[in-house]
Structures are given as C-alpha cells and as structure tokens.
1. Just in the range 209-284: which GluC sites (Glu not before Pro) are loop by DSSP and have at most 15 other Cβ atoms within 10 Å?
2. Order by neighbour count: Asp98, Asp316, Asp306, fewest other Cβ atoms within 10 Å first, most last.
3. What is the list of residues in the range 242-273 whose amide nitrogen lies under 16 Å from a point 7 angstrom out from the Cα of Glu299, following Cα to Cβ?
4. So what is the orientation-averaged projected area of the range 1-42, using the convex hull of its C-alpha atoms, in nm²?
5. Hey, could you pull the Cα Rg and Dmax for the chain, both in Å?
6. Once every Cα of the range 74-163 carries one equal point scatterer and solvent is ignored, give the base-10 log of I(q)/I(0) from the Debye formula at q = 0.17, 0.20, 0.22 Å⁻¹, two decimals.
7. Suppose R0 equals 41 Å; then what is the FRET efficiency for Asn347 and Glu307 from their Cβ-Cβ distance, rounded to the nearest 0.05?
8. So if we plug the beta-carbon distance of Gln207 and Lys93 into 1/(1 + (r/R0)^6) with R0 = 51 Å, what FRET efficiency do we get, rounded to 0.05?
Amino acid sequence: MKIGRITIVAGGTGGHIWPAIAFGEWMSREHPEVSISYISGSRPLELRIYREAGLDPHVIHIEGSPLGAGLRQMPRRFKQIVRALHQTEDCIKRDMPDLCLMFGGYVSFPALLVSRRMGIRSVMHEQNARAGRVTRFAAMLGVKIASGWRICRPLPEGAFSPVGVPIREFKLCERSVAAASLGISLERSQKVALVLAGSLGSSSLFQRVASAASHPSLRDWTFLMVGASKDVERSGNCISLPHIWDIGTAYSLADLVITRAGASTLTEIKLLGVPCVIIPWRESSGGHQFDNAGAFCEEANGMILDEDALTSDLHDAIRTLEVKVPPWRGSLPGGEDLGENSSNLWNMISSL
C-alpha cells in the first residue's frame, strides 16, 4: 500500500493523544515524504497537549460519547455526533488521506464512519490491553486493529497485531541537571519515587501517597508528585510539582515510579527499566487500567495495589521493589529505541 498522506485522529486524554503525536513525529523524522495531519476533539486539555507539541489539529466540536453520558446529556451528545460527522467529512475531504489512522477516544467514532463511507483505508490503534467501544466496533467492521500490548481483550488472537504503544521522544540527563531544571534540591544519594497520575491528574492518589510517605520506613525516600500543584511545594518528604511536559526531566530523577495504569505511561516506564507501583483507576472505561497493569507486570518489574490499601501497603511494596532499582543514571538502559513501536506500527500499515 503506497501512502503519501495520513490523517491521525486522537482525542480525549493524553493516553490517546501522546501516542498519536509520537507516531506522527516519528513519521516526520523517518518518512518526511508522507504528509501528516491531525484531528482532535475540542476539550481544552486536548488542544493544550497538541499545542504543547507545536501542532495545530483540525478541531471537531464533540465532548464525548453519547453512550457514556447521562440521560440528560445524551440528546445533546447525539446532536454533537451528527455535527461531528459533517466536520470530520470536511476535514478528510480537505486532506484526502490515503489512510485514516485512529488512536481511540470518542473523536475516532465519526472518523471511523466517515472513512469507511468514503472508501478510505483505516487502521485503529488500541493503546490499552482491553479494547474500548470504538475499537470493538471497528473490529466488527473489519478494520485492522493494532494493539499496544500482547493482549487486546476481548478480541481473540489473530484479530489484532501487537505493535506496542508509540511513545514520545524524551531525553534523560544527569540528576543534578534535572533537579535544577525543576527548581528543587536533592541529595545525590537520595532515593526518589516519581508519582504520576495521568494527564487529568488525581488528587486522591496524591493524598494517599502523601499519607503513606509519612511511614517511618520511607523517610529515606523523596516523593515527587507531578501535577499535584501549580507551583513547587514541599511538605516533609513529598514535593508537589506542576505538570511537566518534558517528562524526560522527571524520569531522570526516578528510582521508582508510582502511577495509574495508563498505557502510554506504563510503556515509557517499561522502556525506562525502573520498578513500578501501579494503582489502577477504578473508574477507567471497562476496567481497562486493571488489564494494562496486569500486562505490564507480565513484562516488567511491577506491583499492583488497590487504592484503599495504598496507605498501609505502599511501604511494603517499595521495600520489595527497591532492590530492583537499576544502577544507571542519565541514559536509557541497553540502548533502547524510543521509536521501535512507531516503526512496528508503520511496518504494519504500510504492508496492508
């Protein structure tokens, strides 16, 4: 299949958008002859992520799936879907892509319908170990599915191609440089647990980690909580930080990561090679974060904790995992390639 133009569709949260941007940026570096355009939803967070990456996507005015809305919101959401279908069709007619590559989220639904109606080849990339509604619907229509993990429940083996989750480029640096960049000071020998709660943040996770961090056995650890405050704030052995878009700076400090189970973040941590305490978000659609966490633990060093048990069990989990902290600083272990998963995805779609 000869591909000269690709329209990439991604919206909702950073878990959908960052892999889409990562793949698009990899394509621009490795295959500059292919034109890339983007379609996004209209939520402020979505646009902020795209703009932070220096991209100006086509914007579809849709807030979410009507299937996930309450009864009062459903009529308005269905009207938005109808309008989104027209807007998406205008975008695709303007770009005339050879391929519509969707990364999930509600904004992929109108793109799926429009691309099928217009006879444009389409591929759905599912970042999670459990397929979302749009991915399952796409599979029913015969659309090729690329998966971020070796499993993609409930799809059977053979119904999807495991390619991995494309991840954004990031660079690691010396610890002192990273700390200075974030405006904090750390002892050279200080052990650091990086706390990530996803692009939407999670105040409950931060609060529970802060409570657990006061345990006497964890006094030799510093907890960096990314996205927990607008400014740098220190309380005991916890440091709250604003959102960090250059995630490599934060990763440069991490001996261990405490995180939700977003697919993109887990893929980055797996590549980083540091142990991970995973607290899946209970409200994740279809419970997909529990599937992501299980898939991660099969391939990397991780432990899954229930959020309610976090305060009492975190210290035991950290003590168990700290012996697996890698003895490296400032570079990825084993010459890992950040673009490998993007390359896998490209090989899949270019062979169709």
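1. On the way: sites: Glu233, Glu268, Glu283; in loops: Glu283.
Here the GluC sites (Glu not before Pro) that fit, given the DSSP loop and packing criteria, are Glu283.
2. Working: Asp98 17, Asp316 14, Asp306 10.
Sorted ascending by nearby Cβ count, the order is Asp306, Asp316, Asp98.
3. Residues 261-273 qualify, since their backbone N sits under 16 Å from the label point.
4. Values: hull surface 12.2 nm².
Seen from a random direction, the Cα hull of the range 1-42 projects 3.1 nm² on average.
5. Cα only, the chain: 20.4, 63 Å (Rg, Dmax).
6. Result of the Debye calculation: -0.70, -0.90, -1.02.
7. Details: r = 39 Å, r/R0 = 0.94.
Efficiency, from the Cβ-Cβ distance: 0.60.
8. Values: r = 48 Å, r/R0 = 0.95.
The pair Gln207/Lys93 has a calculated efficiency of 0.60.
Each reported figure results from applying straightforward, stated rules to the coordinates on display, with no laboratory input. Being a predicted model, the structure only gives us computed values, none of them experimental. Cβ coordinates were reconstructed from backbone atoms using ideal geometry, including for glycine residues, and neighbour counts include every protein chain displayed.
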